[in-house]
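Accompanying notes for the structure given below.
The values are calculated or read from the model by the stated rules, or taken from the named source; none is laboratory data. The shown structure was predicted, so the numbers you read here are calculated from the model rather than taken from an experiment. No Cβ is skipped: glycine too gets one built from the backbone with ideal geometry, and neighbour counts run over all protein chains shown.
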Amino acid sequence: MSEKISIQYQDQKLLGHVYSIKNPKAWIIFAHGSGSSHLSKRNNWVAKDLSEHGFSTMLFDLLTPSEDENYSNRFDIKILADRLLLATKWLILSPYYHNEPIGYFGASTGAAAAIVAAAKADQSIPLYALVSRGGRPDLAGREFLNDVFIPTLLIVGNHDTEVIKLNEMALKEIPEAKLVLIPGATHLFEEPGTLNEVVKLANDWFEIHLQDIFKDMDQSHLE
């Protein structure tokens with residue numbers, strides 16, 4: 001079930017929506033790339049597929065409309081990461097959430113924001129896995145890359161040459177990371193079948209790294 005949401009930020013609101021299902025394995029929160037929004041066709045495609053596989057998902061705007069008019073804000077990773085943490089805490093306090101584990105899915109600059117948010121998240125946030133699609137992890141900075149202690153999957157098109165190099169650098173810095181190249185794909189994964197491969201990889205990653213945690217948390221509720 002898709003529902004519109006509004007996250008209060010000072011005197012403004014960050015708009016988005018959730019795909020909420022009954023008894024989800026986990027929640028996946030999306031962080032979109034520069035110039036995009038919670039209406040991103042690619043991220044919504046991934047989100048709907050994850051929902052069909054038992055995950056509830058949440059997409060929201062990292063910037064207000066007025067902030068997005070300032071191009072430099074789209075690359076202000078600190079602001080974007082802080083908004084992602086704000087949205088995560090909003091979800092935890094919302095009626096949609098029932099103590100499920102949480103994963104992040106970041107695209108382009110949103111992946112850097114997800115990495116910084118993961119590094120800064122405290123124990124009140126049950127964050128256990130991260131997926132980056134065509135991400136710019138380099139924008140997070142080495143100090144944050146070194147502090148990401150959750151399993152992190154870096155997905156890049158094998159024709160996205162410069163971004164491959166940046167992800168290879170991040171692979172060496174993140175303690176528990178894996179890099180996968182999608183054959184025939186460029187940066188936006190517009191080629192036939194390439195986004196399907198992203199969906200499969202992301203689903204498998206979250207299944208592996210969140211399902212056991214969900215079972216453990218679910219069992220603890222019965223004790």
*From the list Thr88, Thr109, Thr161, Thr152, which residue is touching a residue at least 60 places away in the same chain (Cβ under 8 Å) and under 29 Å from Asn196 (Cβ atoms)?*
Thr109
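Residues that are within 26 Å of Ile208 (Cα to Cα): list the strands (runs of 3 or more DSSP E) wholly contained in segment 1-52 that include at least 3 such residues.
Values: elements: 2-9, 12-19, 26-31.
It comes to 12-19, 26-31.
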*Checking Glu100 against (1) in a helix (DSSP H, G or I); (2) more than 14 Å from the chain's Cα centre (by Cα); (3) closer than 21 Å to Thr152 by Cα, which test does it fail?*
(1)
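Out of contact with any strand residue (DSSP E or B) (no Cβ under 7 Å at 6 or more places or on another chain) and at pLDDT 95 or above: which single residue out of Leu130, Leu139 fits that description? Spell out how you get there, then give the answer.
Values: Leu130 fails: out of contact with any strand residue (DSSP E or B) (no Cβ under 7 Å at 6 or more places or on another chain).
Testing whether each residue is out of contact with any strand residue (DSSP E or B) (no Cβ under 7 Å at 6 or more places or on another chain) and at pLDDT 95 or above leaves just Leu139.
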*asked:* Is it the case, given these coordinates, that Leu59 is on the phi < 0 side of the Ramachandran plot, assigned to a helix (DSSP H, G or I), in contact (Cβ under 8 Å) with a residue 40 or more places away in the chain and not small (Gly, Ala, Ser)?
replied: no
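I need a count of the residues in segment 72-94 that are outside any helix (DSSP H, G or I) and modelled with pLDDT under 95.
Initial filter on segment 72-94 (outside any helix (DSSP H, G or I)): 76, 94.
Now narrow it down to the ones that are modelled with pLDDT under 95: 76.
Result for segment 72-94: 1.
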*Looking at segment 42-62, which of the residues that are of a type in the set (Gly, Ala, Ser) and surrounded by 22 or more Cβ atoms within 10 Å (Cβ to Cβ) is nearest to Val199 (Cα to Cα)?*
Ala47
*Which condition breaks for Ser66 when tested against (1) assigned to a helix (DSSP H, G or I); (2) within 21 Å of Phe144 (Cβ to Cβ); (3) over 16 Å from the mean Cα position of the chain (by Cα)?*
(2)
*Within segment 88-127, track down each residue that is closer than 18 Å to Asp147 by Cβ and β-branched (Val, Ile, Thr).*
Thr88, Ile102, Ile115, Val116, Ile125
*From Ile155, Ile174, Ile164, which residue is of a type outside the set (Lys, Arg), farther than 24 Å from Leu84 by Cα and either touching a Ser or Thr at 6+ places or on another chain (Cβ under 7 Å) or modelled with pLDDT of 95 or more (or both)?*
Ile164
*asked:* From the list Pro65, Pro137, exactly one residue is surrounded by fewer than 22 Cβ atoms within 10 Å (Cβ to Cβ), at negative phi and not hydrophobic (A, V, I, L, M, F, W, C). Which is it?
replied: Pro65
*So how many residues does segment 7-30 have that are at pLDDT 90 or above, of a type in the set (Phe, Trp, Tyr) and farther than 20 Å from Asn43 by Cβ?*
0
*Working only within segment 170-211, note down all residues that are surrounded by 13 or more Cβ atoms within 10 Å (Cβ to Cβ), more than 16 Å from the chain's Cα centre (by Cα) and in a helix (DSSP H, G or I).*
Ala170, Leu171, Glu173, Thr194, Asn196, Glu197, Gln211
